[in-house]
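None of the figures in this text is laboratory data; all of them are computed from the coordinates on show. All values derive from a computational prediction rather than experimental measurement. Note: ideal-geometry Cβ built from the backbone for every residue, glycine included; neighbour counts use all protein chains shown.
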């Protein structure tokens, strides 16, 4: 068997040096900065994006809303107290109110009856003397039909004179049905059994003077009693003093968002500086600084809030916003500082820092170029999560009466006022509560999205 | 993924290890839960031993013959010589008893006094021999002498020292010009009290039912080392009930006083003040949850009360609410024009119907409420209050004059001192806007808790205060002398010679016509000089537990009055 021969063959050109060749074509992606990349990924996050729009919308609502809805938040419209947005605004013009002592022009009817058409200015009742009613009469009003329990509702008043068979009701009348009950009394003021009930449908009314004052009719046009007008429009209804809810919400948002934006910015800034210093210095200084931070964590917020209020000499009628802001800044920074310190401690030991240092970078450069940008994600996320907390704190403090002074509205104080009438006029609570919830939710979701978008490690995995 | 049986011996040993560890963990968790649960019960039992009242009580406890109620505030002052407020008055009315008391029908009957005799210039009270303090000692005439002298003592500076002015030398003693012993009251013996009057007093018998005239025992008072009335143990009781437990700011327990002279007439064994809250909403919820036996209703609860088909009751509580101005010279409110301007835009009818929204409130028109007696019928029927005027244009002219009078470009911001109840706040906000809108006045609202508000009123730290006044005795003078220049409750320090003269007539005369004419003049002066702006005469709506009977509501005296209350069996 012949031995196979092996002759390696080399092409001569294999020994020639390579040309430096340019890449002719190919696909590259454009170089993306950290921020561009973060924005791209935030944009893909639908929840975060909607939240962002919501936040921007809220800011616009607060800053430019009053330009379009130029209504004072403290003007009271007592003809429309606690009116929900869906209530009818049709009203009849009536003559100015005059005292009434049972005089009537209408021919006498029988039984319990109204003397004039019942409207929200007054309901005037007349009745025939009841035999046996020696002690007079008591008049009740109910919004529910009288049932077997014989609960007649509100005791409006008494006529102790058995011959005075009239009663006028002006108490907080709304355009709705009422059930008036007349109960005769005996000599000792004990209620007798034969009560009569009358169902009355009350209509909206406004006096001539009231209509003129509110500009519902022109001064020169003929204002006729009995004519119809449409009462002032309140898109979100009115509160317990007839103030416009929308205007109050806009003005209240100023307080809420001011605290919500400014306080976190300030205390996060303080926390970043403090935490960075502690982390960078390390050693004993770090231990000392962080123990002080622990000490601040232990201080009770509410107590300090009250102390600040006293220290600042916040007198009657002055807003407690500044002490609130200062208390929040002074007491809330440790959380951020701990977070930043942790990050700095970690980054300080990274290889690229050492490399940079070997190349002669000084401290300022290290902090500005490497450390702060690398903690930026954490800081931003902290801010977005701090905003809803701050808004909530403001709302809470205003709710318990430590915040703004009347008549300045804030969402928290509006909730406080609205909660009293939660059952009868829920819109007074629902709107401010909804605004607080939406804002807090929007900022939380935005913070969530930002955390994902700004996390550099997720970027590497993709 | 499907579970496959493990065959690997190493794996199975690891598995059993995990299982053992898991079991152990579970065991520890269970032990921890049991231990914590046990600790909770132990602590609860310990707390029960420490506190006298364990847990919650129902509104009406038939077996324990006890009811639970709530108070608006902690009673600020249970020293009968010092107290000046209604809440302390309500508690004191149950635990103390004066010479004369009001029965369930509001008639004046003997309390500690068995019989009495009031003449033009003196009065004698014969005390019951069986009236006793809660430590079993008899109530003697000396106890009254001590208490009355204490109330007049300038060192005590009681706000109610002026009610002692009816006694001989009362005013001079209160001013420190005469020794305490000169006060016109002395004990003839242990059971006979003799009173000399400064001037004929038409209503002295009604007056001694008032709380400043309650007795205090001297030896007990001194044994407390200045802490008299600071706690349940620092008080001695001679009323139907005694305070057996007082946890400041949280609860009070009043139990039947076994030493009370008429103890068989006391039907309840105990009244517990289980809750102290100003919040009407929580009060109503307590009532709905059957935790308290009665609850006052605020505007917000009326709907819910109707919806629940509660029987709503109403009564006129007798008190008048008003804006009181600070008349001291350094205050802008010392300007009559400013006050008159505010008067011309204050519509008490609108306030009552649109802002307070509570049934039974009468728009305030006068210093004297409608129920006060006149000569033949009621005072207000005989002397109608001045017709209120509303004239914003005229008011603006007065504002101009006020600025000139005060020598200022703008009226400085006015501080409106109010209580911290929601109803006071909404009224304050209403007036803030009315005065801002119609007069351009800047009103600063100063909301303070009850004690603090009284304190600030005493120190004159206000321009305007939302004040109220309840009658102390059943006579128009209880309102009339409020603005006498010497009255310490005249917090605005308004002083007017003619008014003082009218008060003097009302105090000295026993001719009804003369007195009523004086009151009518006072009514007009208060209106003309705009000393106050009456807001309303309060009417309260309330709901009671269906089993609670015999609760008395009154305009004069301690209210609500549960001394005669009883529980009706179902």
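Just to be sure I understand the curve: with the Debye formula and one point per C-alpha of the protein assembly as shown, what is log10 I(q)/I(0) at q = 0.04, 0.09 Å⁻¹?
Per q value, in the given order, log10 I(q)/I(0) is -0.30, -1.17.
Exposure proxy check: B:133, B:494 ranked by fewest other beta carbons within 10 Å?
B:133, B:494
Which whole number gives the average count of other chain Cβ atoms within 10 Å of the Cβ atoms across peptide B:307-317?
Mean shielding by partner chains, rounded to a whole number: 4.
Please compute, for peptide A:135-144, the average count of beta-carbon atoms on other protein chains lying within 10 Å of each residue's beta-carbon.
Per residue, the number of nearby Cβ atoms from other chains is 2 on average.
How do B:471-479, B:81-89, A:59-67 rank on mean C-beta neighbours within 10 Å, highest first?
Averaged packing, sorted descending, gives the order B:471-479, B:81-89, A:59-67.
Peptides A:177-183, B:36-42: what's the order by average Cβ count within 10 Å, highest mean first?
A:177-183, B:36-42
Defining a contact as two alpha carbons under 8 Å apart and six or more residues distant in sequence, what relative contact order in percent does chain A show?
With pairs under 8 Å counted, the relative contact order is 19 percent.
Whole Å is fine, so just give me how far the alpha carbon centre of the range B:57-103 lies from that of the range B:468-522.
29
With 10 angstrom as the radius, rank A:413, B:282, B:13 by how many other C-beta atoms surround their C-beta, starting from the fewest.
Ordered by Cβ neighbours within 10 Å, fewest first: B:13, B:282, A:413.
Compute the separation of the alpha-carbon centres of the range B:200-250 and the range A:41-63 and state it in Å as a whole number.
66
Only helical DSSP H runs with n ≥ 4 go in: add -39500 (n - 2.57) per run for the protein assembly as shown, normalise by residue count and round the 222 nm mean residue ellipticity to 500 deg cm²/dmol.
-12500 deg cm²/dmol
If each of residue A:40 and residue A:70 carries a label point 7 Å out from its Cα toward its Cβ, how far apart are those two points in nm?
4.7
Among rounded, prolate and oblate, which fits chain A when a ≥ b ≥ c are the square roots of the eigenvalues of its C-alpha gyration tensor, a/c under 1.5 means rounded, and a/b larger than b/c means prolate?
Prolate shape, in that a/c is at least 1.5 and a/b is the bigger ratio.
When the Cα centres of the range A:306-375 and the range B:410-454 are compared, how far apart do they sit, in Å?
42
Between rounded, prolate and oblate, where does the range B:337-393 land on the alpha carbon gyration tensor, with a ≥ b ≥ c its root eigenvalues, rounded for a/c under 1.5, else prolate if a/b exceeds b/c?
oblate
Could you sort the peptides A:203-209, B:163-169, B:555-561 by per-residue average Cβ neighbour count (10 Å cutoff), highest mean leading?
Most protected by this proxy first, the peptides run B:163-169, B:555-561, A:203-209.
Averaged across the residues of A:149-159, what count of C-beta atoms belonging to other chains lies within 10 Å of each residue's C-beta?
Neighbouring Cβ atoms belonging to other protein chains average 6 per residue here.
When averaged across all projection directions, what area in nm² does the alpha-carbon convex hull of the range B:120-239 cover?
About 7.3 nm², averaged over all directions.
Would you mind ranking A:356, A:256, B:485 by Cβ crowding within 10 Å, fewest neighbours first?
Result, fewest neighbours first: B:485, A:356, A:256.
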